[in-house]
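Here's the structure we're looking at; comments come further down.
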Amino acid sequence: MKEITSSMAGTVLNVLVEAGQEVNAGQEVLMLESMKMEIPVESETGGKVAEVKVSIGDFVNEGDVLVVFE
């Protein structure tokens, strides 16, 4: 099972994918806000989203799982 993890602490501003959606490598899957900057989070690989583990407004720490692929 592949996962996308957070590379930094921040607040989830926007979730751009949902369960069941096909994602391409390099596609933005969500947007984080950290230190008043918007940080796009991109998928390193393609695949089908099994679960989105965060919601808008959630605070995440570095290393937290954001998206899980099938």
Legend entry - Those residues of region 10-25 which are under 12 Å from the mean Cα position of the chain (by Cα) and open to solvent by less than 60 Å² (accessible area, probe 1.4 Å), in sequence order: Gly10, Thr11, Val12, Val15, Val17, Val23
Legend entry - Given (1) over 12 Å from the mean Cα position of the chain (by Cα); (2) touching a residue at least 12 places away in the same chain (Cβ under 8 Å); (3) open to solvent by 40 Å² or more (accessible area, probe 1.4 Å), index of the condition Met37 fails: (2)
Legend entry - Members of region 40-51 found to be open to solvent by less than 40 Å² (accessible area, probe 1.4 Å) and free of Cβ contacts under 8 Å to residues at least 40 places away in the same chain, listed by number: Val41, Ser43, Gly46, Val49
Inset, instruction - Restricting attention to region 26-70, report how many residues are farther than 16 Å from Met8 by Cβ and β-branched (Val, Ile, Thr). - result: 5
Inset, instruction - Find the residue count for region 52-61, including only residues that are more than 11 Å from Ile4 (Cα to Cα) and surrounded by 11 or more Cβ atoms within 10 Å (Cβ to Cβ). - result: 5
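The values are calculated or read from the model by the stated rules, or taken from the named source; none is laboratory data. Keep in mind the model is a prediction, meaning the values are calculated, not measured. Reconstructed Cβ throughout: ideal geometry from the backbone, glycine too, with neighbour counts over all protein chains shown. Just so you know, the surface numbers come from the protein's heavy atoms only, side chains and all, with ligands and any DNA or RNA stripped out. Shrake-Rupley method; radii C 1.70, N 1.55, O 1.52, S 1.80 Å.
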